[in-house]
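> Can you read through this structure? Questions will come right after.
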Amino acid sequence: MMLKFLKHNHEWEGKLAKRLLNAVWDENINEARKLIHRGADPNWIYNGYPLLLHAVFTRNEDMVMMLIEEGATQAAEALGFALDRGIGEIVFPLAFMGIVPKMEEPIGNFGPYPSRFAPLDVNYPILIS
């Protein structure tokens, strides 16, 4: 019974993560916040990058700030990523918060930029930090 619950819980987390990733890429802040309040973790790593770095890549300052407000802990990496990739519109708001940049390499061989690919109908594992 417990194993069945854990499997179901992992599948639910995977679906939440995919929906949160899609909300970040769709720049749908309300949906992203709602998913976080339902249990999605703003620190999840998807396709080698934390969700916060996906938000930085979309250049959506409001999404970046919302993820930080909701508990994303990779703000230093986000600023380092923005500086390294020339995403200037995100640099000032993060630097203004007093964040010190940290350069971070993606996990695995995912390339220099985040990828959106997250079909809702495919079950594949997520990396939970």
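The values are calculated or read from the model by the stated rules, or taken from the named source; none is laboratory data. Model, not experiment: these values are computed from the prediction. Because the Cβ atoms are built from the backbone with ideal geometry, glycine has one as well, and the counts that use them run over all protein chains shown.
> Take residues that are closer than 16 Å to GLU31 by Cβ and within 11 Å of the chain's Cα centre (by Cα) and tell me which of the helices (runs of 4 or more DSSP H) falling wholly in region 50-95 contain 1 or more.
Hits in region 50-95: 51-58, 61-69.
> Still on this structure: Counting only residues that are farther than 18 Å from MET63 by Cβ and either touching a His at 6+ places or on another chain (Cβ under 8 Å) or modelled with pLDDT of 90 or more (or both), how many does region 95-121 have?
Within region 95-121, residues that are farther than 18 Å from MET63 by Cβ and either touching a His at 6+ places or on another chain (Cβ under 8 Å) or modelled with pLDDT of 90 or more (or both) number 4.
> Answer with yes or no whether PHE92 is more than 17 Å from TYR49 (Cα to Cα), among the hydrophobic types (A, V, I, L, M, F, W, C) and modelled with pLDDT under 95.
Against the criterion (more than 17 Å from TYR49 (Cα to Cα), among the hydrophobic types (A, V, I, L, M, F, W, C) and modelled with pLDDT under 95), PHE92 qualifies.
> Out of region 20-49, which residues are outside any helix (DSSP H, G or I), buried (at least 16 other Cβ atoms within 10 Å of the Cβ) and of a type in the set (D, E, K, R)?
Hit for region 20-49 is ASP41, nothing else.
> While we're here: Could you grab the pairs with beta carbons closer than 8 Å, sequence gap of 6+ or different chains, first residue in region 27-46 and farther than 21 Å from ALA78 by Cα, second one surrounded by fewer than 14 Cβ atoms within 10 Å (Cβ to Cβ)?
Final answer for the pair search is GLY39/TRP12.
Per-residue answers, yes or no, for (1) under 19 Å from TYR113 (Cβ atoms); (2) among the hydroxyl-bearing types (Ser, Thr, Tyr):
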| position | (1), (2) |
| --- | --- |
| ILE45 | yes, no |
| THR58 | yes, yes |
| MET66 | no, no |
| ALA78 | yes, no |
| GLU89 | yes, no |
